[in-house]
Amino acid sequence: PARAARRRTAALSIDVRERERERPPSSANTSGYVVSIPDGWARDQPMANVPEFHPVGEYGGRRFRVATTPVGRVPGDGERVRNLADSDAEDVKSAGYESPTAYAIAEATKFAPVRGSPGAKAGPTGAVSEILESSVSEDGKYYYYEFRTESVYPFRFWGVSAIGPGQIGGARKLKRRDVVSVVCQMPEDKAQPGDYELFRAIVKNFRVDDF
């Protein structure tokens, strides 16, 4: 069984990379990014401008979404996520962009207080988040993270965020950028061999267009 699981994991990862190479940048969006969509997955849009992908016929299980958040002009070279911590906009400056760990904490807190924080015991359900990993790419353009929420139904999350070129048209010409984020999630008790590796591959293969 372990050998079969490894074979499945390798196949899933290779499939994701192959599909990414076949798909040109910005082929299905105006925000300047490329995301790998596994075979047999469908697209929904439960929220405006936030496409969500999941296996056909599977709801409430494995899924990921792509969100774009306008952040205006980016200080410095305009490409590294860390530069957003110096933004003139208070809501951007306070979003955790100063480090990948701070960003992971900010993202996890959207679902449940992080273990060890003052709010971790205050919630009525006792749900908490635990940061499992956070990192930044060598060029500083991508923040990666992984965390889990511990509650009645434990979930695992994987994410990546980067500064995109902005919407095609006026915003892009004026150098008003977006943060483009991919957030993957699934119930831990439904995980099958290869599921975690598939989501890690989706996150690692995500790219924003050069600008």
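The values are calculated or read from the model by the stated rules, or taken from the named source; none is laboratory data. No experiment lies behind these values; they were computed from the predicted model shown. Counting neighbours? That spans all protein chains shown, and the Cβs are built from the backbone with ideal geometry, glycine included. Only protein heavy atoms, including side chains, enter the accessible area calculation; ligands, DNA and RNA are left aside. Shrake-Rupley method; radii C 1.70, N 1.55, O 1.52, S 1.80 Å.
Can you say whether Gly61 is touching a helix residue (DSSP H, G or I) at 6+ places or on another chain (Cβ under 8 Å) and either small (Gly, Ala, Ser) or closer than 24 Å to Glu188 by Cβ (or both), as far as the supplied structure shows? Yes; evaluated as a whole, the condition is true for this residue. When residues in the stretch 168-197 are screened for being under 19 Å from Glu58 (Cα atoms), among the small types (Gly, Ala, Ser) and without any contact (Cβ under 8 Å) to a residue 40 or more places away in the chain, 1 of them pass.
Just give me the residues in the stretch 153-211 being small (Gly, Ala, Ser), under 16 Å from the mean Cα position of the chain (by Cα) and outside any helix (DSSP H, G or I), in sequence order.
Taking the stretch 153-211 as the starting set, the residues that turn out to be small (Gly, Ala, Ser) are 159, 161-162, 164, 166, 169-171, 181, 191, 194, 201.
Now narrow it down to the ones that are under 16 Å from the mean Cα position of the chain (by Cα): 159, 161-162, 164, 181, 201.
Gly159, Ser161, Ala162, Gly164, Ser181, listed by residue number.
Each residue in the stretch 44-56 was checked for being closer than 22 Å to Glu197 by Cβ and not β-branched (Val, Ile, Thr), and 4 of them qualify.
Residue-by-condition table, conditions (1) open to solvent by 70 Å² or more (accessible area, probe 1.4 Å); (2) free of Cβ contacts under 8 Å to residues at least 40 places away in the same chain; (3) over 14 Å from Tyr103 (Cβ atoms):
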| residue | (1), (2), (3) |
| --- | --- |
| Glu130 | no, yes, yes |
| Asp139 | yes, no, yes |
| Glu150 | yes, yes, yes |
| Gly166 | no, no, yes |
| Phe199 | no, no, yes |
| Ile202 | no, no, yes |
| Asn205 | no, no, yes |
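Evaluated against (1) under 23 Å from Tyr33 (Cα atoms); (2) surrounded by 20 or more Cβ atoms within 10 Å (Cβ to Cβ), Ser135 falls short on exactly one condition, (2). Considering the stretch 58-116, the residues that are polar (S, T, N, Q) and under 15 Å from the mean Cα position of the chain (by Cα) include one that is surrounded by the most Cβ atoms within 10 Å (Cβ to Cβ), namely Thr68. I'd like to verify a number: residues in the stretch 8-57 that are over 30 Å from Lys173 (Cβ atoms), open to solvent by 50 Å² or more (accessible area, probe 1.4 Å) and either modelled with pLDDT of 75 or more or in a loop (DSSP other than H, G, I, E, B) (or both), how many? Residues in the stretch 8-57 being over 30 Å from Lys173 (Cβ atoms), open to solvent by 50 Å² or more (accessible area, probe 1.4 Å) and either modelled with pLDDT of 75 or more or in a loop (DSSP other than H, G, I, E, B) (or both): 5 in total.
Yes/no matrix, rows are residues, columns are (1) at pLDDT below 90; (2) farther than 20 Å from Leu132 by Cα:
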residue: Tyr59; (1), (2): yes, yes
residue: Thr68; (1), (2): no, yes
residue: Gly78; (1), (2): yes, yes
residue: Lys93; (1), (2): yes, yes
residue: Pro113; (1), (2): yes, no
